[in-house]
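The numbers here are math on the coordinates, done by the rules we state, and not lab data. Source: prediction; values computed, not measured. In this analysis, Cβ positions are derived from the backbone assuming ideal geometry, glycine residues included, and neighbour counts consider all displayed protein chains.
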Amino acid sequence: MRAFVADGNGSVRLEEVDERDPDPWEIVVAVAAFSINRGETFQLEDPRPEWRPGKDIAGYVAVAATDGSGPSAGTPVVAHVPSSGWAQRVVVPRTAAIVELPARVDVTTSAALPLAGLTALRLLRSVGPLPGISILLTGASGGVGHYLTELAVAGGAEVTAVSASHERGRRLAGLGADVVADVEQTPGRFDVVLDSVGGPGFTAARRKARPAGRVIWFGQASRQPVTLDFFDWVDGTTGAPIEQFHYAGTPDEDAADLRTLVRLVQRGQLHPEIGLVESWSRTASVIEDLRARRIRGNAILTVT
Ligand SMILES: NC(=O)c1ccc[n+]([C@@H]2O[C@H](COP(=O)([O-])OP(=O)(O)OC[C@H]3O[C@@H](n4cnc5c(N)ncnc54)[C@H](OP(=O)(O)O)[C@@H]3O)[C@@H](O)[C@H]2O)c1
């Protein structure tokens, strides 16, 4: 079968690869679509030997588990796998989350759900009760930011989303966020600051936390490390603790939360923002577009 492998120059090339035999409890998925996450583009810059990219896939069960567990052949599914998902077929390991798709959830769209959706859901859980709280969210125009904004607004929070331009923030505004381009010019302080940009943007966002607020740091899209200056704190205006967040859960938690995301989409309570759907033959150029901030929401590649 054909699959994308790291090309050693930060991108990918399509190659013929061996397909391993599934264990009796494993399911083989014929991939219809996959999505690309920013973190995966970082991994491509320093790939481990034998690693192949791809965490978020959707498609149809090609080979059901021979032990009788799991969905039958032909069932539409979405899955979050550790790696190797940008391929025609994927053997889904036992530790990965795989969820059946109901009739009203589109297979291609669902590929945008796993990593970005799990991250948004779990970030909001770590925030706690939402009604009435104010949230400042940086790096908001990506997949995580759109899910987070829709869920937080529905939960009663006031969301201020930071995005580079009015156009990139248009859908966030439609979901109920105040959209701003410049954190430093944003009036007021926030109960919770969620930063995924890092670098100097982190410091600007951190200063916007209320003294009794919280700063949750969950990414570094800028690729620039954060510098903390002791003297930023000595005027007594801010004292909010900084917490680091990672989305990882147990296999059971991943499956339960992926099922929740699918259910929210089915009920019309969550609307993946799909910035682009292209043939997988364009994967390398879509990776470049993502790096250059030319994609809003999630990028989906369809497998032919
Ligand atoms: N901690 C975890 O467990 C976890 C899990 C998933 C994702 N993440 C992180 O969460 C962040 C969002 O993920 P995503 O998939 O939604 O990413 P994404 O689609 O790539 O969106 C990130 C957004 O960050 C902004 N951005 C990109 N480069 C930037 C730069 N150099 N300076 C300032 N802003 C920049 C862009 O918005 P504008 O162009 O509109 O400013 C972009 O749309 C990423 O940093 C990702 O690595 C963390």
Quiz item: If exposed GluC sites (Glu not before Pro) are those in a DSSP loop with at most 12 other Cβ within 10 Å, what is the longest stretch of the chain that has none?
Solution: 168-304
Quiz item: Between ALA173 and ARG282, what length in nm is gained on full extension when 0.36 nm per residue of separation is reduced by their alpha carbon distance?
Solution: 36.3 nm
Self-check item: Dipole moment magnitude, nearest 20 debye, the range 121-244 about Cα centre, only Lys, Arg, Asp, Glu C-beta charged
Solution: 280
Quiz item: Considering the alpha-carbon set of the chain alone, what are its Rg and its Dmax in angstrom?
Solution: 19.7, 65
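In the range 1-84, which chymotrypsin sites (Phe, Trp or Tyr not before Pro) are in a loop and have at most 15 other Cβ atoms within 10 Å, using DSSP for the loop call?
Hits after loop and neighbour filter: TRP25, TRP51.
Which order do peptides 66-74, 191-199 fall in by mean Cβ count within 10 Å, highest first?
191-199, 66-74
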Quiz item: Label-point separation (nm) for ALA292 and GLU15, each offset 7 Å from Cα along Cα-to-Cβ?
Solution: 2.7
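What is the extension gain from PHE230 to TYR60, computed as 0.36 nm multiplied by their sequence separation minus the C-alpha to C-alpha distance, in nm to one decimal?
55.8 nm
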Exercise. Quickly estimate the mean residue ellipticity at 222 nm for the chain, helices only: each DSSP H run with n ≥ 4 gives -39500 (n - 2.57), and the total goes over all residues, rounded to 500.
Key: -7000 deg cm²/dmol
Quiz prompt | Principal axis dimensions, the range 121-244 - Cα atoms, whole angstrom, descending | solution = 39, 29, 26
